[in-house]
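The values are calculated or read from the model by the stated rules, or taken from the named source; none is laboratory data. Since the model is a prediction, treat every value here as computed from it, not as a measurement. Cβ placement follows ideal geometry from the backbone for every residue including glycine, while neighbour counts extend to all protein chains displayed. The area values use the complete protein model at the heavy-atom level, side chains included, leaving out ligands, DNA and RNA. Shrake-Rupley method; radii C 1.70, N 1.55, O 1.52, S 1.80 Å.
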Amino acid sequence: MSLCSSCLGNDKPSSEPPSATSGRKRSVLLLGIALALALAFQYGVAPRLQPGSLVQGVPNIGRYLVEAWTDGCLEYETEELQIRCSGNNGVYRAAGATFLFFIIAAMAAACKPSANRVAWPAKYVLFLFFTAGTVFIPNEPLFSPIFMQLARVGGAVFIFFQQIILIDLAYNLNESWVDKADKAEQEQDGAGKKWLGAILAFCALLFLGSLTVISLLYVYFSGCATNVAFITITLIMGIVVTAVQLSGEESSLLASGIIFAYATYLCFTSVSKNPNGECNPKLGEDDVVGIVLGILFALLSLSWAGWSFTAANKLGEATPSSGARQSALVDNGHTDSNVGDSGEGSKVVKGVVMNADYGTNADEETDDANVANDDALPAKTWKLNIVLALIACFFAMALTSWGTIESGGDAANPDVGRVSMWMIIASQWLALTLYLWTLVAPKLFPDRDFS
């Protein structure tokens, strides 16, 4: 089967319905294409659609395109700022088309849950039409400021949601390595220690890395009280959530390490958006580190949304196979407490991924009989598309430094940088508070189920 057929069409023979994860994977592929188009628009197309370029010499269409892509940008003083402005709007074009596509897909999935798994060749064509259409739309007001403001809000919301991705990833990784340690220990005495050592080493790397970055932030970004407050709160909250986690029994140190590292990244992103040049040595420089980290987090989110087997449950797109297993247990008179029994009355594992499903393709192997029937699908498959729309907002902000236009040590639009700074740090505080709540809630309310 060809790569195009596998990506755009059905990954099964024509007589079989799409698998449970086909819609998620094709959605993620489309978002990856959108990210590539955004980079192409920003660094390839925008610099070539400036006044005096060869394109402007093309009768009618050339002049129109230059005017559309420089709309609202010629007010900036230097040519470099004008190109940055056009490049940012190029990103908004690709991200805006992607956002619109996934919003429409969410509405379709809300009406017909199986819509997320079918007609993908037509969907890709529709997306490309959306993207091509944005090329001819002037920057103002649709892309700047309307979509820019929308993407900033969506990106901030996604930062909060991304904590779920990171915690899920941490628990999956921790569960996998602990399982490997148990199996190695059963095969040979003391052989499992290397896996437990790997967990501790990774945790040490995360914590030491976070503390090192925070120390550097104090050195280079402490010229004003605002930055010092942000850095100090990040340090205190990181220590607090780790201490609370260590006082419990069920939580994962790896999860705390990843959340602390992510909070440190958000702190760096926030202080680097401060339009005050006295406490922001990166003002006016190309934020290569921020852009690379932003793309990496976007790719991590794409991988999680498309290939993680716990993503389906987190997004309300639980696989029919898991539902079928639960139904079978009920029909046979069993309860959830028997799931995963090995003859010794094992208990339900809470807060982590069940070993039976980890790293397998069970959802693709056992649920094909149900995917063609809308009644067999959950009613919230639209959630995936909402998350992907938020990822589109996030990568738009990551590629444009949250809408700031700066060069030579000055911010040409300081208000944008200031608002972005506060939105990012507020999202960090909210994410850390939520994680802290997940740690203390079971202790405060032991009679409730927080699994």
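At LEU293 and ARG48, where each label point lies 7 Å from the Cα along Cα→Cβ, what is the point-to-point distance in nanometres?
Those two pseudo-labels are separated by 3.3 nm.
Give me the one-decimal nm value for the distance between modelled label points at GLU80 and VAL440, 7 Å along each residue's Cα-to-Cβ direction.
Between GLU80 and VAL440, the simple spin-label model gives 4.7 nm.
With a cut-off of 18 Å, note down the residues of the range 254-279 whose backbone N falls inside the zone around a label point 7 Å from the Cα of SER215 toward its beta carbon.
Residues 261, 264-265, 268 qualify, since their backbone N sits under 18 Å from the label point.
May I ask you to derive the FRET efficiency for TRP422 and LEU208 from their Cβ-Cβ distance with R0 = 30 Å, giving the value to the nearest 0.05?
Once the sixth-power term is evaluated, E becomes 0.55.
Counting only heavy atoms of the protein chains, get the accessible area per residue of the range 84-132 (1.4 Å probe) and round it to a whole Å² value.
Computed with neighbouring chains in place, this is 35 Å² per residue.
If you put +1 on each Lys and Arg Cβ and -1 on each Asp and Glu Cβ, how big is the dipole of the range 55-160 around its Cα centre, in Debye rounded to 20?
In debye, rounded to 20, the range 55-160 gives about 760.
How much length is gained on full extension from LYS193 to ILE61, taking 0.36 nm per residue of separation minus their Cα-Cα distance?
Using 0.36 nm per residue and subtracting the Cα-Cα distance, I get 40.8 nm.
Explain nothing, just the number: relative contact order of the range 140-288, from Cα pairs under 8 Å at least 6 residues apart, as a whole percent.
Reported relative contact order: 25 percent.
Which value in nm describes the separation of the simple spin-label points at ILE236 and ASP447, placed 7 Å from the Cα toward the beta carbon?
3.4 nm
Just add up the charged neighbours of ALA184: K/R +1, D/E -1, any other residue whose Cβ is under 11 Å from the Cβ of ALA184.
Net charge in that neighbourhood comes out at -1.
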